[in-house]
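Working notes, beginning with the structure itself.
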Amino acid sequence: MSDMTFDKMISQMTPAIYESLKQSVALRKWPDGRRLTPEQTELCLEAVMRFEAENNVPEDQRVGYLEHRTCGAAASGADVSPEMTGLGQDVGRG
C-alpha cells in the first residue's frame, strides 16, 4: 500500500497538475473525456483549493473567484436612482 497522503500529494503537486485538475473540475471531465464522479470532483476541488492556499495563488486567479462590482454606486446600492436600475421606465409603453 502506498504511503502517499493527501497532504503529501498537495505538497508535491506541480503547477501543470494543478492546472489540469482545475480544468477537470471546471469541465467535470478528465483530460481523456471521462466524466468525474461527484467524489472525484469534490477531491479535485479540495486539492485545487489547498494548492492555491499553500502556494499563494493571487485571489483573482483562484477557483470560484467573483469580482465585486457595484456599477459605480455604493456597495449597498442605496445611491442608485430608479432610472439607473430600470425601475423608472414603464416597460408597457413603446
query = Where does each of Ser11, Ser20 land when they are ordered by accessible area, with a 1.4 Å probe and the largest first?
reply = Ser11, Ser20
query = Taking amide H positions as placed 1.01 Å from N in the peptide plane, with prolines and chain starts having none, which residues 5 or more places from Lys29, or on another chain, fall under 5 Å of its amide H?
reply = Leu36
task = State the volume of the convex hull built on the alpha-carbon positions of the stretch 1-44, expressed per residue in Å³ and rounded to an integer.
result = 90
task = Could I have the simple spin-label model distance between Leu66 and Ser11, label points 7 Å from Cα toward Cβ, reported in nm to one decimal?
result = 3.5
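The values are calculated or read from the model by the stated rules, or taken from the named source; none is laboratory data. Given the structure is predicted, the values throughout are model-derived calculations rather than measurements. When we count neighbours, we look across all protein chains shown, and the Cβ atoms used for this are built from the backbone with ideal geometry, even at glycine. Quick note on the areas: whole protein, heavy atoms, side chains included, nothing else; ligands and nucleic acids left out. Shrake-Rupley method; radii C 1.70, N 1.55, O 1.52, S 1.80 Å.
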